[in-house]
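Notes follow the structure.
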Amino acid sequence: MTRTKKNFENYGKELFGAIQNVDEKILNEAINCILKKIKQKKQIFICGNGGSAAIANHYVADYLKLLREKTKVKTKIISLSSSIELITAISNDRNYDQIFSYQLESLANKGDLLILISSSGNSKNIVNALKYAKKNSISTIGFSGFSGGYLKKNCDISLHYENKSYQLSEDYHHILMHFIMIELINNLNK
């Protein structure tokens, strides 16, 4: 067996081991929370940095297109990571730590949902968005890796995968995102 093949198998074992050991109770809480917000016609906001921003933007594509096609539900979902113009304006004129919380101040309402994705769980802009959400009665679901940091400890619902790899954390979050979408479709079509 080549070194590449062995490394690939080890990566897969680590990732799928984590997926198989996800806390089903917490996963169901996340699914039910999102389902409830959709049925209440609340807004869903999502954010992350780097690879987590890409996952956040992918959520929007799935929720606006796939969920609507499969269920006819029109979800109100906004990625706070998608507008480079707005992000750079806020970070330049105010502070990069405020790029998500500043947007929430203008867009979010009591009872909405904020989904946060962060491998470390400690990015200052993620922490500030979470603090804003908590102060303003906005529900929160966090996807974290590493030790989970502030995000793991302070979200209403925390889907955490203990590891030391950005790649494994992001893959885990992306797989859960797709599974949650499948479950939402199944529940909305009952």
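For region 23-188, a simple Cβ point-charge model (Lys and Arg +1, Asp and Glu -1, everything else neutral) yields a dipole of about 660 debye relative to the Cα centre.
Here the relative contact order of region 23-188, from alpha carbon pairs under 8 Å that lie six or more residues apart, stands at 23 percent. Each Lys or Arg adds one and each Asp or Glu takes one away; over the other residues whose Cβ falls under 13 Å from the Cβ of residue 20, this sums to -2. By the helix-only formula, in which each DSSP H run with n ≥ 4 contributes -39500 (n - 2.57) and the sum is divided by residues, the chain has a 222 nm mean residue ellipticity of -17500 deg cm²/dmol.
Once backbone amide H atoms are built at 1.01 Å from N, residue 138 has 111 as its partners under 5 Å, excluding neighbours fewer than 5 places away on the same chain. Around the amide H of residue 160, modelled in the peptide plane, lie the amide H atoms of 144, all under 5 Å away and 5 or more residues distant in sequence or on another chain.
Any read-out appearing in this document is the output of simple, stated calculations on the displayed coordinates, not a laboratory observation. These numbers come from a predicted model, not from an experiment. Every residue, glycine as well, gets a Cβ built from its backbone with ideal geometry; the counts of neighbours run over all protein chains shown.
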